[in-house]
Amino acid sequence: MDNFRLLGQGFLVALTPQNIGAALLGAVLGLIVGAMPGIGSLAGVALLLPLTYKFNPATAIIMLGALYYSNMYGGSFSAILLNIPGDSPAVTTTLDGYPMATKRKRPGQALMTANMASFIGGTIGILILTFTGPGLAKLGIKFGPSEMTAVLLIAMTSISWLVGENPIKGLVITAFGILAACIGMDTLSGAPRYDFGSMHLLGGIPFTPFVIGTVGFAQVIKLANDRQKDDKERSENAVRTKLSIRGALLTAHDFKRLLPPAIRSGLMGTFVGVLPGAGATTGSFMGYAMQKKFKSEEPMGTGAIEGIAASEAANNAAAAGAFAPLLALGIPGSGTGAVLLGGLMMWGLQPGPLLFQNDPDFCWGLIASLFLSNLLTLAIAVAVIPFLLKILSVPTKYMIPIITVVCVVGAYSTSNSMYGVVVMFLSGIFGYLLDKNGFPSAPMLLAFVLSPLLENNMRKAFILSSGSVSIFFTRPITLVLMVIFFGLIIASLIKQMPSKRLTASAKKGIAGDDAASVKPSQQ
């Protein structure tokens, strides 16, 4: 009951005219920043932080929190309409969002699915933050290197759920993602790895240009090759697509499909957001991979509503969950959280266990503002759908240069050098060749994101245990997670055994039939 009373006091803070205005401004800016590839929440919050120096601390954090939160909504816009993720958490949204918008001719419903799933996932995250924030933060702090290693091992097993019908191709491209992630300076020893004598490679392959190229610029090359066919489809889309909110509304059946994955990913995404260093990107990948274990009406990766819902709910929930360790323990869960932590200190606040006691109006005002920001962002995101849908009616001859410019600007803005642009172009060519030859890009991107986290945490765990493997089986949380990890592996092996036997027996049966049909003719 205390939480309800404190939340009510928080709404009194959040619903003042200046704080409503700050939340509205943050929501609008977050949608814009999220939809523009290469900028992301980290750059957006960092750029606006100096402007809030003279703001009231509550007003400042409400605006920045709304920007960070609504950025997760905005990333889906370009992911669905252009196949270019606006921010890294929207990478998995492209896998089903773009096919649903183009191949299934349901762009309005794809955008509405993303918005509704974002709202549901974010609401779950905020509710969990409201009632269990400090306790959840204390649980998150117990996740040291060994626990994080176990969590990431479980996440890495999810790659097998993304490889599709050809496991060999999936494993090959996963191995490539792991190798690409190893390029650069070793974060623990400082030794260069696979730099090939290049100064640029010492910093590794930047993630955002790599993703923009693999997913976005590869689409440009594909558009250029299929220009005549695509122009015909776009002209048909211009006639068929209803440029209205009513035309984008989901049916009761659609909502029934998105609700279960949104709830599941909302719960899991909140937990991932609490973990130090995990972030919304890891949450969205894990949410999408988890959905692969459940039934979808359409195959995942072909425009399934369930895929969009799982990805968007997870990254919004993770963004909300990241505030738990930030406020209760003073530990940022991501780069954006680190900037917000700097802002709190700049405003004279000390995040930690005493923050909820010393500055309850500030803490609960921020939590209440997240509810407000969630509603405002949903309303704005739904209202702009008719304008966004007009992108699909633009002729290909104009879309190719526009998307190319967006890719170049996005790649350059993350590195402030042409190195990011070069990476984007090369990864775009590589991504096109992958698509042309039937290699899935999702396993590579997932491995590229998770491999550095897994390596760093595993090495830290071995340093703490002086090289002993026992650290993964003597700590209670780690032991439970390792049991889950091995259980998943054994379950997948058992699941494959009957199908292999059936395939082998079927082949024997066919061979026997062939032999029987050949013998009479030979006689």
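From the phi angles alone, apply the Karplus equation (6.51, -1.76, 1.60; θ = phi - 60°) to region 90-99 and give each ³J(HN,Hα) in whole Hz, x where the residue is Gly or Pro.
8, 4, 5, 5, 5, 4, 10, x, 5, x
Sequence-distant or interchain residues sharing an amide H contact under 5 Å with residue 303, placed H: which?
100
Could the peptides 312-318, 105-111, 210-216 be put in order, highest first, of the mean number of other beta-carbon atoms found within 10 Å of their residues?
312-318, 210-216, 105-111
Heavy-atom accessible area of residue 478 with all protein chains present, probe 1.4 Å, nearest 10 Å²?
That residue has around 0 Å² of solvent-accessible surface.
Whenever you get a sec, compute what percent of the accessible area on region 376-443 sits on carbon and sulfur atoms (1.4 Å probe).
75
Show me, for region 183-194, the HN-Hα J-couplings you get by feeding each phi into the Karplus relation (A = 6.51, B = -1.76, C = 1.60, θ = phi - 60°), rounded to Hz, glycine and proline as x.
These are the phi-based 3J(HN,Hα) values: 5, x, 6, 5, 5, 9, 9, x, 7, x, 10, 6 Hz.
How much accessible surface area, in Å² rounded to 10, belongs to the heavy atoms of residue 436 with a 1.4 Å probe?
So the heavy atoms of residue 436 present about 140 Å² to solvent.
In Å², and per residue, what accessible area does region 1-135 have when probed at 1.4 Å with the other protein chains present?
33
State the Cα centre-to-centre distance between region 374-450 and region 462-495 in whole Å.
37
How large a share of the accessible area of region 257-298, in percent, is made up of carbon and sulfur atoms when the probe is 1.4 Å and the other protein chains stay in place?
With neighbouring chains kept in place, the figure for region 257-298 is 66 percent.
Summarise the accessible area of region 1-99 (1.4 Å probe, protein heavy atoms) by the percent that is carbon and sulfur.
Taking all protein chains in place, region 1-99 shows 74 percent carbon and sulfur surface.
Quick one: Karplus J couplings for region 437-453, per residue in order, coefficients 6.51, -1.76, 1.60, θ = phi - 60°, nearest Hz, x for Gly and Pro?
Karplus-based 3J(HN,Hα) across region 437-453 equals 9, x, 8, x, 8, 4, x, 5, 5, 5, 5, 5, 6, 7, 4, x, 5 Hz.
Order 432, 68, most accessible first, counting only protein heavy atoms with a 1.4 angstrom probe.
Most to least solvent-accessible, the answer reads 432, 68.
Sort the following peptides by mean Cβ neighbour count (other Cβ atoms within 10 Å, averaged over residues), highest first: 264-271, 89-96, 250-257.
Result, highest mean Cβ count within 10 Å first: 89-96, 264-271, 250-257.
Residue 59 accessible area, nearest 10 Å², 1.4 Å probe?
The accessible area of residue 59 comes to roughly 10 Å².
Per residue, how big is the convex hull of region 360-447 when only Cα atoms are used? Give it in Å³.
Expressed per residue, the convex hull around the Cα atoms of region 360-447 is 192 Å³.
For residue 185, which sequence-distant residues (separation of 5 or more, or a different chain) have an amide H within less than 5 Å of its own amide H, given hydrogens modelled in the peptide plane?
Amide H neighbours of residue 185: 193, 204.
Using only the heavy atoms of the protein chains and a 1.4 Å probe, how would 199, 482, 36, 290 rank by accessible area, largest first?
Ranking 199, 482, 36, 290 by accessible area, largest first, yields 199, 36, 290, 482.
The values are calculated or read from the model by the stated rules, or taken from the named source; none is laboratory data. Because the structure is predicted, anything quoted here is derived from the model rather than measured. We place every Cβ from the backbone using ideal geometry, glycine too, and count neighbours over all the protein chains shown. Quick note on the areas: whole protein, heavy atoms, side chains included, nothing else; ligands and nucleic acids left out. Shrake-Rupley method; radii C 1.70, N 1.55, O 1.52, S 1.80 Å.
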